[in-house]
Amino acid sequence: MAIKERVGVVVSNKMDKTVVVAVESRNAHPKYGKIVVRTKKYKAHDEENKCQEGDRVRIQETRPLSRTKRWQVIDILNTVQ
């Protein structure tokens, strides 16, 4: 089984060792063909509290760490100054 990875933007870092990452998906509508943009939010574990709001990060699925947290931050791709 392949390990799931997603790339998204940090929208909240107010929790301790946890960030909320918004992942955008762009798919064509099955009937009309128009591109539909959907956003899903994931809570991800950030051990060193390095992520800031607006950072682009890569997250990876992991074992359940809490009731809602099942992802962890692998690396920070772009940072906000």
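Each value in this text was obtained by applying a stated rule to the coordinates, not by laboratory testing. This structure is a prediction, so every number in the text was calculated from the model and none was measured. Glycine also receives a Cβ, built like all others from the backbone with ideal geometry; neighbour counts cover every protein chain displayed.
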Do you know which residues across segment 50-81 are in contact with an Asp or Glu (Cβ under 8 Å, 6 or more places away or on another chain) and more than 15 Å from Val9 (Cα to Cα)? Glu61, Arg70
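Among the residues that make up segment 28-41, is at least one of them closer than 15 Å to Gln72 by Cα and out of contact with any Leu (no Cβ under 9 Å at 6 or more places or on another chain)?
Keep residues of segment 28-41 that are closer than 15 Å to Gln72 by Cα, which gives 41.
Next cut, out of contact with any Leu (no Cβ under 9 Å at 6 or more places or on another chain) only: 41.
Yes, some residue in segment 28-41 is closer than 15 Å to Gln72 by Cα and out of contact with any Leu (no Cβ under 9 Å at 6 or more places or on another chain).
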Going through segment 14-26 in order, the residues found to be over 17 Å from Asn49 (Cα atoms) and surrounded by fewer than 10 Cβ atoms within 10 Å (Cβ to Cβ) are Arg26
Any residue at all in segment 36-57 that's among the aromatic types (Phe, Trp, Tyr), surrounded by fewer than 13 Cβ atoms within 10 Å (Cβ to Cβ) and without any contact (Cβ under 8 Å) to a residue 40 or more places away in the chain? no
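Residues being of a type in the set (Lys, Arg) and not in a strand (DSSP E or B): count how many of those fall in segment 4-17.
In the first step, residues of segment 4-17 are kept if they are of a type in the set (Lys, Arg); the result is 4, 6, 14, 17.
Of the ones still in play, those that are also not in a strand (DSSP E or B) are 4, 17.
Of the residues in segment 4-17, 2 are of a type in the set (Lys, Arg) and not in a strand (DSSP E or B).
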